[in-house]
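Student: Below is a structure I'd like to ask you about.
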Amino acid sequence: MATLSRFLDFTLNRPAVPTALFGIWMAILYQVSNSVPKEMPEMLVPQQDKILHFVFFLGGGVVLAASLRLLAKLQGVRLFVAVALVMGVLGALDEYNQQFIPGRSGLSLEDWIADMSGAVAGVGLLQLLTAKLGTREIKEA
């Protein structure tokens, strides 16, 4: 647990780390969104694609929230709202873009809801990690 705590302290308290991770996350989103599927993967569980949307946007929500927490010194409701707005726009743009990619469908409200749910859960996860593992909280200006 001490190693995890040190890793999170390093990761969540240096603005360059979560900001770079968010940039990587956006690059992956762009690549995946614009890729033409060769064949549709087999569904192992019902609504598997919604689960993938949720998990991917959860990761993006965590790193964006960590970055905004440090760079803009946002906390609490303001952090949730900022992440929800940014990730909502990114999720909507992703869905819009996918309608133009052969073999992809776009404009799925269900996918966007899964994206938003994951992003907001990511903020909650970050708040939980910072509270439980004793990482430094940024004082609101």
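Student: Within the stretch 87-103, restricting attention to residues that are surrounded by 17 or more Cβ atoms within 10 Å (Cβ to Cβ) and touching a residue at least 24 places away in the same chain (Cβ under 8 Å), which residue is farthest from PRO15 (Cα to Cα)?
Tutor: Taking the candidates together, the pick is GLN98.
Student: Residues in the stretch 81-103 that are among the hydrophobic types (A, V, I, L, M, F, W, C) and more than 18 Å from LEU126 (Cα to Cα): how many?
Tutor: Looking only at that region, the number is 6.
Student: How many residues does the stretch 29-85 contain that are touching a residue at least 60 places away in the same chain (Cβ under 8 Å) and not in a loop (DSSP other than H, G, I, E, B)?
Tutor: Matching residues across the stretch 29-85 total 19.
Student: Quickly run through the stretch 1-42 and pick out the residues that are under 13 Å from the mean Cα position of the chain (by Cα) and either among the aromatic types (Phe, Trp, Tyr) or loosely packed, with under 10 Cβ neighbours inside 10 Å (or both).
Tutor: Residues satisfying the conditions are PHE22, TRP25.
Student: Taking ALA119 as the residue in question, decide whether it is among the small types (Gly, Ala, Ser) and modelled with pLDDT of 95 or more.
Tutor: Here the answer is yes, as ALA119 does meet what is asked.
Student: A further question on this structure: Return yes or no: is ARG14 basic (Lys, Arg) and in a helix (DSSP H, G or I)?
Tutor: It is false that ARG14 is basic (Lys, Arg) and in a helix (DSSP H, G or I).
The values are calculated or read from the model by the stated rules, or taken from the named source; none is laboratory data. Everything numeric in this text was worked out from a predicted model, so none of it was measured. Positions of Cβ are backbone-derived with ideal geometry, glycine not excepted, and every protein chain shown enters the neighbour counts.
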